[in-house]
Amino acid sequence: MTEILRGNLVHTPEFGKLETIPHGYIVLEDGVVEGIFPVLPERYAACPAVDYKDCLIMQSFADLHLHAPQYPMLGMGMDLPLLDWLDTYTFQTEARFSDLDYARQVYRQLAEDLISSGTTRVAMFSSRHADATLILMEELERAGAAGYVGKVNMDRNSGAAQEAAGTSIPETLRWLEGCRFAHVKPILTPRFTPSCSDGLLEELGKLALERGLPVQSHLSESPGEISWVKELCPDCGQYWETYRKHGLWKKGTLMAHCVYSDEKEQEAMREAGVWAVHCAASNVNLCSGTAPVREMLERGVRVALGSDIAGGDQLAMNRVITASIRASKVRQMETGDPFLSVPEAYYLGTAAGHGYFDGSSGFQEGKKLHAVVVDDSTFPPAARELRLEERFERAVYLMEKQHIRAVYSEGRLAPFCRLR
Ligand code: GUN
Ligand code: FE
């Protein structure tokens, strides 16, 4: 079916390059972008069209690192550094997800909150629980989101959230059996080296290879964590080697944080095709530090953004984008690295993340549409007529759910939009 959307088109086909098409057209064929036009070609004149008038049609957000079972602790308990924060608050909260009714209730609300905030693709951590993870995947699918979800593996140093000895792999296999969703797929998720025994990492590396599964974890987030990894793995020179040793360091592996990744660790990422997921809000909340984002990008490391809730306090990715800009300005004051511009940070929070899944760069022919339609008419009255680039900047800083008119995910209008 051919479908036409009309509105002010805004996207970032490359890092730092903002393209705007005032009152342009996106032509979709079964949800796949067939073309982007400033003027509608005659051949489409008879096709059904949705006219979003003066609204902005922007790329939707991709959140490449967040913890679903930490949604209940959003906005709480960020007075401790990472390892104490995990022990004091996080593991207990995650342990609650053995209760499947509770999981259903929390995950339904999270999925709706995500998609109605304009996030259409995710790479998400669940808890250790196989059944609750399947519920999470089902709720994301129902809400219209796409991407990866991982049952977390953690068989040591994890308090109430820890798996009983010998159960982590069998439960992972049972979870994988249940993964039959169209748009939400499994990703192997060793929490981080301190919470996984060598034997568990080894088994997960084998599984990743045998089944061609992607991997996500945490890397070099805080000084305390890095020293602990050194103690736990004296045979590895650097943190990243603890993942490489077991076959988990490979093309497309997502590593959250990388705040303290030095030149050598960054080179190892670039060489292997491992992605850094920058989580600026979380890094400030937990006093972890400011990540070397500009340095990684200049070195050719692929970077995307993550909310990292509930270390991060904002689920809405436009807030995560502006947090990354703010953190980059602090970093500039500390190190001189140039801060991220709005189009640069927006690229990282949208196009880069979507590209991780489908190789796209911005709105692109042949790719499923992921878009958010923003009505900025109720923003504070501007002092003069604004250029589209300026309206885009204001939208990134100011948009709230109430300004989101529609969300397209995997080429389809998200279900919540039809209820309106
Ligand atoms: N490292 C290991 N687990 C976690 C987590 O839940 N949040 C963050 N920010 N870092 C982690
Ligand atoms: Fe995290």
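Each value in this text was obtained by applying a stated rule to the coordinates, not by laboratory testing. Predicted model only: the values in this text are computed from it and were never measured. We place every Cβ from the backbone using ideal geometry, glycine too, and count neighbours over all the protein chains shown.
Computed quantities for the displayed model
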item	result
Pairs, first without any contact (Cβ under 8 Å) to a residue 24 or more places away in the chain in segment 350-361, second of a type outside the set (Ser, Thr, Tyr), C-beta under 6 Å, six or more apart	Asp358/Lys367; Ser360/His354; Ser360/Lys367
Qualifying residue in segment 240-263 (condition: in a helix (DSSP H, G or I), more than 17 Å from Gly205 (Cβ to Cβ) and more than 13 Å from ligand 1 (Cβ to nearest atom))	yes
Inter-residue pairs, beta-carbon under 9 Å, first over 17 Å from His257 (Cβ atoms) and in segment 59-80, second charged (D, E, K, R) and in a loop (DSSP other than H, G, I, E, B), 6+ apart	Leu74/Asp313; Gly75/Asp313; Met76/Asp313
Glu393 charged (D, E, K, R) and more than 21 Å from Gln314 (Cα to Cα)	no
Scan of segment 304-315 for residues that are under 11 Å from the mean Cα position of the chain (by Cα) and either surrounded by fewer than 24 Cβ atoms within 10 Å (Cβ to Cβ) or assigned to a loop (DSSP other than H, G, I, E, B) (or both), ordered by number	Gly306, Ser307, Asp308, Leu315
Residue tally, condition more than 15 Å from ligand 2 (Cβ to nearest atom) and either surrounded by fewer than 16 Cβ atoms within 10 Å (Cβ to Cβ) or not aliphatic (A, V, I, L, M) (or both), over segment 244-259	8
Contacts under 8 angstrom Cβ, first residue in segment 166-182 being closer than 13 Å to Leu134 by Cβ, partner of a type in the set (Ser, Thr, Tyr) and surrounded by 15 or more Cβ atoms within 10 Å (Cβ to Cβ), 6 or more apart	Trp175/Thr133
Any chance Met333 is surrounded by fewer than 24 Cβ atoms within 10 Å (Cβ to Cβ), over 30 Å from Arg191 (Cβ atoms) and without any contact (Cβ under 8 Å) to a residue 12 or more places away in the chain	yes
Pairs with Cβ under 7 Å, 6+ apart, first in segment 258-277 and under 10 Å from Arg299 (Cβ atoms) and in contact (Cβ under 8 Å) with a residue 40 or more places away in the chain, second surrounded by fewer than 18 Cβ atoms within 10 Å (Cβ to Cβ) and among the aromatic types (Phe, Trp, Tyr)	none
Residue list for segment 274-295, filter: in a strand (DSSP E or B) and hydrophobic (A, V, I, L, M, F, W, C)	Trp275, Ala276, Val277
Verdict on Ala123 being of a type in the set (Gly, Ala, Ser) and either more than 29 Å from Val373 (Cβ to Cβ) or part of a helix (DSSP H, G or I) (or both)	no
